[in-house]
Amino acid sequence: MVDKSEKFRWLVRLGYFSRAVFYAMLGFLALTATRQISQGTDGIFRAIEDFPGGTAILWLMVAGLLAYALFRLCSPLFDIEHEGSDGSGWARRIGHLGSAIGHAALAWSAYKLATADASGGGAGARQAAAGILSAELGGVVLGLLGLAFMAAAFSQAKKGITGSFMARISPRAPNAARVLGGIGYVARAAVYAVIGWSLVRAGFLTRGAEEVKTLGEAVVALAGNGPVFQLVAIGLIVFGLFSLILARYRIIPDLGRGGRVPLYRA
């Protein structure tokens, strides 16, 4: 009989697999179909739907991305990743909360498309931004969210350069994990920086929701930078390959019998 913790680990691994498919497709479309990727997350999921068995893949991604979001939510709630409760620890845990929200939104987009009810990822993001801007201090909230994305971009770049992510990967992982992860994290940092700057502009400078960029739009925004755009696109494909390694070799913590005390497996 499979216990609940084992089921949870398999769901998280499905989440990493879903992330691998998403980022690999994001980078591939950036190189081959910029117009489609400019449609936002819906364009990416439509491309996946066009694969043989694409609808089934979408449903797997719904489950996987939602499971990954719940896994990330465990960090701010239970400190499942041992980040600590000091200032830097809480900064990383809040970053994981942002990741949880982002991947839950991706799961929702995949669900809408799988049920033939797509509504436009970019339009949805801008509608949400417009709603925030209409509230009192909404511009401040949106601007601070942008600063959080830029901080996350710095963290991603640092992680890629230092290789600190290897502490969460089994020693049985392929030797290429360090190089693939380093390239992938730096590429994702560039995309996060573009998203963050779009939110800062929308919140603090122009107060216009049209400034806000989704993940796909952020990649397209780099298209005018020639080699930089191509390197980022290739880096995102590499990040997808790295996420496949994580799906197999990521060390997923257990919650101890004491309740909210996380334990890492050997």
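From the set of residues in the range 42-59 that are of a type outside the set (D, E, K, R) and buried (at least 17 other Cβ atoms within 10 Å of the Cβ), which is nearest to Ser109 (Cα to Cα)? Of everything passing the filter in the range 42-59, Phe45 is nearest to Ser109 (Cα to Cα). Looking at this structure, is Leu70 in a helix (DSSP H, G or I), surrounded by fewer than 21 Cβ atoms within 10 Å (Cβ to Cβ) and either in contact with a Cys (Cβ under 6 Å, 6 or more places away or on another chain) or not aromatic (Phe, Trp, Tyr) (or both)? Yes; evaluated as a whole, the condition is true for this residue.
Can you pull out every residue in the range 175-223 that is under 22 Å from Phe239 (Cβ atoms) and open to solvent by 60 Å² or more (accessible area, probe 1.4 Å)?
Asn175, Arg178, Val179, Ile183, Val186, Trp197, Lys213
Here is the figure for the range 75-111: residues that are assigned to a helix (DSSP H, G or I), over 18 Å from the mean Cα position of the chain (by Cα) and within 23 Å of Phe22 (Cβ to Cβ) total 0.
A Cβ distance below 7 Å, combined with a sequence gap of six or more or placement on separate chains, defines the contacts here; from the range 136-159, residues that are free of Cβ contacts under 8 Å to residues at least 40 places away in the same chain reach residues that are of a type in the set (Gly, Ala, Ser) in the pairs Gln156/Ala189; Ala157/Ala189.
Evaluated against (1) open to solvent by 40 Å² or more (accessible area, probe 1.4 Å); (2) at pLDDT below 90; (3) not hydroxyl-bearing (Ser, Thr, Tyr), Lys158 falls short on exactly one condition, (2).
In the range 15-29, is there at least one residue being at pLDDT below 80 and either open to solvent by 10 Å² or more (accessible area, probe 1.4 Å) or not in a helix (DSSP H, G or I) (or both)? No: zero hits. Per the conditions (1) surrounded by 23 or more Cβ atoms within 10 Å (Cβ to Cβ); (2) within 30 Å of Leu231 (Cα to Cα), the sole criterion not satisfied by Leu97 is (1).
Report yes if some residue within the range 255-263 is open to solvent by 20 Å² or more (accessible area, probe 1.4 Å), under 24 Å from Tyr16 (Cα atoms), at pLDDT 80 or above and of a type in the set (Lys, Arg); otherwise report no. No: the range 255-263 contains no residue that is open to solvent by 20 Å² or more (accessible area, probe 1.4 Å), under 24 Å from Tyr16 (Cα atoms), at pLDDT 80 or above and of a type in the set (Lys, Arg).
Checked against the criteria, Gly235 does not count as of a type in the set (Gly, Ala, Ser), in contact with a helix residue (DSSP H, G or I) (Cβ under 6 Å, 6 or more places away or on another chain) and either under 16 Å from Phe149 (Cβ atoms) or surrounded by fewer than 23 Cβ atoms within 10 Å (Cβ to Cβ) (or both).
Taking the criterion of being of a type in the set (D, E, K, R) and within 20 Å of Arg19 (Cβ to Cβ), the residues of the range 159-211 that qualify are Lys159, Arg168, Arg178, Arg188.
The values are calculated or read from the model by the stated rules, or taken from the named source; none is laboratory data. A quick note: this is a predicted structure, and the numbers were derived from the prediction, not measured. Here the Cβ is made from the backbone with ideal geometry for all residues, glycine too, and neighbour counts use every protein chain on show. To get the accessible areas, we keep the full protein, side chains included, count just its heavy atoms, and leave off ligands, DNA and RNA. Shrake-Rupley method; radii C 1.70, N 1.55, O 1.52, S 1.80 Å.
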